[in-house]
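J.: After the structure tokens below, expect a handful of questions from me.
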Amino acid sequence: MGKKVVRLGLFGLGTVGRGIVELLQRKNKEKGDYEFVLEKIAVKHLDKERPTSVASRLLTTNHREILENPEIDTVVEVIGGISPAKEIILEALKKGKNVVTANKALLARIGSQLFEEAIKNNCYLGVRASNVASYRLIESLAFSPFQIEKLLGVFNATSNYILTQMEKKGQSFSSVLEKAQEIGYAEEDPSNDIDGYDTAHKLVALLSLAMGYFLPLESVFVEGIRRISYQDILFARELGYRIKLLAIVKRRDNNLEARVHPALLPIGKEMAQLEGIENGLELRDEVGVEVGIKAPGAGKYPTATAILEDLICIAKGRKLILPQQRKHLNLKKMGEIESEYYLRFNVLDRVGVLAKISGILGNHNISIASVIQKGKAEKSLNSVPIIMLTYEAEEEAVQDALKEIDALSVAKGKSLLIRVEEGIL
């Protein structure tokens, strides 16, 4: 019996696309039972300079040359975004072609539709590359008989790089962001990364495999890192914590929490140790088994490697990873969650202000665990920062208390809230 040949059509020859081409060329040099033949690559511009050595005959700007070629049995999509990626993937599946994609934004929005189309046409839909931090756990998540009890993830390389550099260099958010854009770790418009949406897309796609159904993207609470200052990083460190942008899942009985926001993690925890572009995932299941994994979250090879793993599954005749359909859980509203909180207030340096703030928090059943009050931060405003760490409290009560405190005449600017997580490993 000869080698199994997988004939590919690739959409996109950017950073990840070039990584895929290089890995395929390397893989085909190995002795094995399968071979990958790259038939066509769809690009935007034919005359663009490309560092990867690719024969010009393989390049096309016409999607139809891939979608209508009966010899191409597998499509790899790494162009990103919603359109035309949505139309390309759906048409490929309808034509009976396997699809491998890194498109977490699309999966988060229409993942159910894509899986249904794949099932209907007996196609393999590979999604490992939608979250490079966790792709090696995807099958165990999909097939585990036990439900997740808690999951924490650092899923965005840009945000983790910014927070790490702010701590190491003592620089402001804006200056580190500018540097990240210069070296290619942040896009010209970084909103998707720093505002938490990229993390939310990855979380929804990952959870679908664990639960067997897709949460509506709009039901996930999302908050980014724009308001985090170097001052907050210093205060957090003094309290024994580091700040990370986290994807968080918690399940208790039939209730589920799914949220994305900055959080304080104890410095000694594994997740708090992730630096720069490192991503990671930790989870605990309902019988107490804990597992963690970390991986680079940026660059051409991490994503390309996850895509190659799906292609190898196709070559080996593996079946589609089908999520096990589980009972739908009740998604808790953000106001119902309970957490400890880091609170920063900028207030006038006057006698009685601390007592007034403490009184408002007490009226909302919020107990204070510790307080940091230092010298004047802004002499022109005669204001000082007051930092409080609370015991566990209900989110809605904390938000109501902050509105009341922000309305005080002594308050200068909006209070900052960062939730506290204890980590897993």
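J.: Could you tell me which numbered condition A105 fails, if it satisfies all but one of (1) in contact with a helix residue (DSSP H, G or I) (Cβ under 7 Å, 6 or more places away or on another chain); (2) over 22 Å from V204 (Cβ atoms); (3) part of a helix (DSSP H, G or I)?
T.: (2)
J.: Specify the residue that is surrounded by the fewest Cβ atoms within 10 Å (Cβ to Cβ); the eligible residues are those in segment 9-50 that are closer than 28 Å to I82 by Cα and aromatic (F, W, Y). Before the answer, list the steps.
T.: If we filter segment 9-50 for residues that are closer than 28 Å to I82 by Cα, which is where we start, we get 9-24, 36-50.
With the extra rule that they be aromatic (F, W, Y), the set shrinks to 11, 36.
Working: F11: 25, F36: 22.
Of everything passing the filter in segment 9-50, F36 is surrounded by the fewest Cβ atoms within 10 Å (Cβ to Cβ).
J.: Which numbered condition trips up G19, out of (1) over 14 Å from V6 (Cβ atoms); (2) modelled with pLDDT of 95 or more?
T.: Here G19 meets the rest and fails (2).
J.: Now, a different point. Quick one: in segment 136-192, which of the residues that are over 22 Å from V222 (Cβ atoms) and under 16 Å from the mean Cα position of the chain (by Cα) is surrounded by the most Cβ atoms within 10 Å (Cβ to Cβ)?
T.: I138
J.: May I pose another question? State all residues of segment 264-302 that are part of a strand (DSSP E or B) and charged (D, E, K, R); if no residue qualifies, say none. Don't jump to the end; show me each part of the working.
T.: Initially, segment 264-302 is screened for residues part of a strand (DSSP E or B), giving 264-266, 278-285, 290-296.
Result: E278, E282, R284, D285, E290, K294.
J.: Something else: Mind telling me which of the residues L13, L106, L58, L23 ends up being of a type outside the set (S, T, Y) and under 24 Å from L217 (Cα atoms)?
T.: Values: L13 fails: under 24 Å from L217 (Cα atoms); L58 fails: under 24 Å from L217 (Cα atoms); L23 fails: under 24 Å from L217 (Cα atoms).
Step by step, each of L13, L106, L58, L23 is checked, and only L106 is of a type outside the set (S, T, Y) and under 24 Å from L217 (Cα atoms).
J.: Is there a residue being modelled with pLDDT of 85 or more and either polar (S, T, N, Q) or in contact with a helix residue (DSSP H, G or I) (Cβ under 7 Å, 6 or more places away or on another chain) (or both) anywhere in segment 292-300? Reasoning before the result, please.
T.: Let us first name the residues in segment 292-300 that are modelled with pLDDT of 85 or more, namely 292-294.
Right, trim to either polar (S, T, N, Q) or in contact with a helix residue (DSSP H, G or I) (Cβ under 7 Å, 6 or more places away or on another chain) (or both) and you get 293.
Yes, there is a match, as at least one residue in segment 292-300 is modelled with pLDDT of 85 or more and either polar (S, T, N, Q) or in contact with a helix residue (DSSP H, G or I) (Cβ under 7 Å, 6 or more places away or on another chain) (or both).
J.: What's the total number of residues in segment 218-263 that are of a type outside the set (A, V, I, L, M, F, W, C) and part of a loop (DSSP other than H, G, I, E, B)? Steps first, answer last, please.
T.: Filtering segment 218-263 down to residues of a type outside the set (A, V, I, L, M, F, W, C) leaves 218-219, 223-224, 226-227, 229-232, 237-238, 240-242, 244, 250-255, 257, 259, 261-262.
Checking the rest, the ones that are also part of a loop (DSSP other than H, G, I, E, B) come to 223-224, 226-227, 229, 240, 253-254.
Result for segment 218-263: 8.
J.: If the requirement is being farther than 18 Å from T158 by Cβ, hydrophobic (A, V, I, L, M, F, W, C) and surrounded by 23 or more Cβ atoms within 10 Å (Cβ to Cβ), which of these qualifies: L245, L239, L203, L209?
T.: Numbers: L245 fails: farther than 18 Å from T158 by Cβ; L239 fails: surrounded by 23 or more Cβ atoms within 10 Å (Cβ to Cβ); L203 fails: farther than 18 Å from T158 by Cβ.
Answer to the check: L209.
J.: Quick check on L215: is it part of a helix (DSSP H, G or I), within 18 Å of the chain's Cα centre (by Cα) and surrounded by 20 or more Cβ atoms within 10 Å (Cβ to Cβ)?
T.: Details: part of a helix (DSSP H, G or I): no; within 18 Å of the chain's Cα centre (by Cα): yes; surrounded by 20 or more Cβ atoms within 10 Å (Cβ to Cβ): yes.
Against the criterion (part of a helix (DSSP H, G or I), within 18 Å of the chain's Cα centre (by Cα) and surrounded by 20 or more Cβ atoms within 10 Å (Cβ to Cβ)), L215 does not qualify.
J.: Only one of S53, S83 is without any contact (Cβ under 8 Å) to a residue 24 or more places away in the chain, surrounded by fewer than 16 Cβ atoms within 10 Å (Cβ to Cβ) and within 24 Å of the chain's Cα centre (by Cα). Can you tell me which? Step through it out loud before you land on a result.
T.: On the way: S53 fails: within 24 Å of the chain's Cα centre (by Cα).
One residue alone meets the criteria, S83.
J.: Let me ask you something else. Could you list, in sequence order, all residues of segment 413-425 that are buried (at least 18 other Cβ atoms within 10 Å of the Cβ) and within 18 Å of I372 (Cβ to Cβ)?
T.: Taking segment 413-425 and keeping what is buried (at least 18 other Cβ atoms within 10 Å of the Cβ), we get 415-421, 423-424.
Those that are buried (at least 18 other Cβ atoms within 10 Å of the Cβ) and within 18 Å of I372 (Cβ to Cβ): S415, L416, L417, I418, R419, V420.
J.: Now for a separate question. Just to be sure I understand, how many residues within segment 248-268 are under 18 Å from Y341 (Cα atoms) and surrounded by 15 or more Cβ atoms within 10 Å (Cβ to Cβ)?
T.: As a first pass, look at segment 248-268 and keep what is under 18 Å from Y341 (Cα atoms): 248-250, 257-267.
Restricting the remaining residues to those that are surrounded by 15 or more Cβ atoms within 10 Å (Cβ to Cβ) gives 248-250, 257-266.
So the count comes out to 13.
J.: Turning to a different aspect of this structure: With the structure loaded, tell me whether N28 is of a type in the set (S, T, N, Q), modelled with pLDDT under 90 and in contact with a strand residue (DSSP E or B) (Cβ under 7 Å, 6 or more places away or on another chain) or whether it fails that test. Please lay out each step first, then the result.
T.: Numbers: of a type in the set (S, T, N, Q): yes; modelled with pLDDT under 90: yes; in contact with a strand residue (DSSP E or B) (Cβ under 7 Å, 6 or more places away or on another chain): yes.
It is true that N28 is of a type in the set (S, T, N, Q), modelled with pLDDT under 90 and in contact with a strand residue (DSSP E or B) (Cβ under 7 Å, 6 or more places away or on another chain).
J.: Is it the case, given these coordinates, that V76 is modelled with pLDDT of 95 or more, hydrophobic (A, V, I, L, M, F, W, C), surrounded by 24 or more Cβ atoms within 10 Å (Cβ to Cβ) and closer than 28 Å to S219 by Cα?
T.: On the way: modelled with pLDDT of 95 or more: yes; hydrophobic (A, V, I, L, M, F, W, C): yes; surrounded by 24 or more Cβ atoms within 10 Å (Cβ to Cβ): yes; closer than 28 Å to S219 by Cα: no.
When the stated conditions are applied, V76 does not pass them.
J.: Can you name the strands (runs of 3 or more DSSP E) wholly within segment 341-425 that have at least 1 residues being farther than 24 Å from V260 by Cα and free of Cβ contacts under 8 Å to residues at least 40 places away in the same chain? So that I can check it myself, show each step before the final result.
T.: On the way: elements: 368-373, 383-390, 416-420.
Those strands (runs of 3 or more DSSP E) span 368-373, 383-390.
J.: When residues of segment 303-333 are filtered for being crowded, with 17+ Cβ neighbours inside 10 Å, assigned to a helix (DSSP H, G or I) and of a type in the set (A, V, I, L, M), how many remain?
T.: 7
J.: Return only the number of the condition from (1) of a type outside the set (G, A, S); (2) surrounded by fewer than 18 Cβ atoms within 10 Å (Cβ to Cβ); (3) under 30 Å from L141 (Cα atoms); (4) at pLDDT below 95 that E336 does not satisfy.
T.: (4)
J.: Also: Please verify whether A133 is assigned to a loop (DSSP other than H, G, I, E, B), touching a Phe, Trp or Tyr at 6+ places or on another chain (Cβ under 7 Å), buried (at least 19 other Cβ atoms within 10 Å of the Cβ) and among the small types (G, A, S), treating the condition exactly as stated.
T.: Working: assigned to a loop (DSSP other than H, G, I, E, B): yes; touching a Phe, Trp or Tyr at 6+ places or on another chain (Cβ under 7 Å): yes; buried (at least 19 other Cβ atoms within 10 Å of the Cβ): yes; among the small types (G, A, S): yes.
So A133 passes the test.
J.: Looking only at residues that are within 25 Å of the chain's Cα centre (by Cα) and of a type in the set (D, E, K, R) in segment 397-425, which one is farthest from I357 (Cα to Cα)?
T.: E422
J.: Take segment 167-191 and flag every residue that is within 19 Å of V260 (Cβ to Cβ) and either touching a residue at least 40 places away in the same chain (Cβ under 8 Å) or not assigned by TED's automatic domain parsing to the domain that holds E238 (or both).
T.: F173
The values are calculated or read from the model by the stated rules, or taken from the named source; none is laboratory data. Given the structure is predicted, the values throughout are model-derived calculations rather than measurements. So basically every Cβ, Gly included, is an ideal-geometry build from the backbone, and we count neighbours across all protein chains shown.
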